[in-house]
Amino acid sequence: MGVELIRGDNFVTARLADVVNWARKSSLWPFPFGTACCGIEMMSTLASRYDMARFGAEAVRFSPRQADLLIVAGTICNKMAPVLKRIYDQMSQPKWVIAMGACASCGGIFDNYTVVQGIDQIIPVDMYVPGCPPSPQALMYSFTKIQGLVQSGQGLSLDPMPEAVPSVPV
């Protein structure tokens with residue numbers, strides 16, 4: 001991590017960025033955006049059997065201004081795309097995004113005009129969780145990978161994305 005202990009003088013030196021990223025990694029606050037069956041799997045991951053609290057994610061926030069990790073679980077329709085973009089825009093920087101399940105990643109089995117074929121058309125995605133629905137273990141694995149991105153100070157959502165929300169006919 002870049003932390004060095006100097007013996008005899010009882011102090012530790014480190015870069016400020018490393019310490020801040022370590023603190024961010026250990027206290028991610030997810031915003032759950034569950035719309036379909038993947039949302040049920042996400043809820044079970046946050047429950048006591050799998051216990052995401054041991055990774056520092058027990059503070060589930062339902063306000064985008066207090067969250068720094070967006071978990072999109074389920075089908076996103078074209079009418080819901082502007083809402084998802086607004087929630088993403090309201091989150092403060094730095095922020096990370098997990099696309100959970102086949103529907104959020106690529107539209108899933110719904111290959112029609114009403115379903116967004118992957119949320120990466122709307123917002124940048126840092127981690128994709130495969131499956132229909134994915135298991136809680138898969139979400140926990142992706143969460144640990146997001147923690148690795150946070151620790152290293154990386155992430156796609158840290159780069160600006162062009163304003164490319166698909167036009168929705170009214």
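The values are calculated or read from the model by the stated rules, or taken from the named source; none is laboratory data. Since we're looking at a predicted model, the values are computed, not measured. With ideal geometry, Cβ positions are generated from the backbone for all residues, glycine too; neighbour counts draw on all protein chains shown.
Would you be able to say whether some residue in region 7-30 is modelled with pLDDT of 90 or more, among the charged types (D, E, K, R) and over 24 Å from residue 152 (Cα atoms)?
So far as region 7-30 goes, no, none of its residues is modelled with pLDDT of 90 or more, among the charged types (D, E, K, R) and over 24 Å from residue 152 (Cα atoms).
Only one residue in 104, 59, 53, 47 is crowded, with 18+ Cβ neighbours inside 10 Å and of a type in the set (Gly, Ala, Ser), so which one is that?
The unique qualifying residue is 104.
From the residues in region 127-170 that are of a type in the set (S, T, N, Q) and modelled with pLDDT under 65, which one is surrounded by the fewest Cβ atoms within 10 Å (Cβ to Cβ)?
167
Give me the residue from region 32-56 that is of a type in the set (Phe, Trp, Tyr) and out of contact with any strand residue (DSSP E or B) (no Cβ under 6 Å at 6 or more places or on another chain) and, out of that set, farthest from residue 70 (Cα to Cα).
50
Picking from 79, 85, which residue would you name as being surrounded by 14 or more Cβ atoms within 10 Å (Cβ to Cβ) and at pLDDT 90 or above?
None of the others qualify; the one that does is 85.
Could you check residue 146 against (1) in contact with a strand residue (DSSP E or B) (Cβ under 7 Å, 6 or more places away or on another chain); (2) in a loop (DSSP other than H, G, I, E, B) and say which number it fails?
That leaves (2) as the condition not met.
Output the residues belonging to region 108-139 that are of a type outside the set (A, V, I, L, M, F, W, C) and free of Cβ contacts under 8 Å to residues at least 24 places away in the same chain.
Correct list: 111, 112, 117, 118, 120.
Please verify whether residue 118 is farther than 29 Å from residue 48 by Cβ and buried (at least 17 other Cβ atoms within 10 Å of the Cβ), treating the condition exactly as stated.
The answer is yes for residue 118.
Within region 45-67, which residues are touching a Leu at 6+ places or on another chain (Cβ under 7 Å) and under 16 Å from residue 34 (Cα atoms)?
The answer is 45, 60.
Starting from residues that are modelled with pLDDT of 90 or more and among the β-branched types (Val, Ile, Thr), keep the ones in region 52-74 and report whichever is nearest to the chain's Cα centre (by Cα).
Going through the qualifying residues, I end up with 71.
Taking residue 71 as the residue in question, decide whether it is surrounded by 22 or more Cβ atoms within 10 Å (Cβ to Cβ), under 21 Å from residue 141 (Cα atoms) and in contact (Cβ under 8 Å) with a residue 60 or more places away in the chain.
Judged against the criteria, residue 71 is a match.
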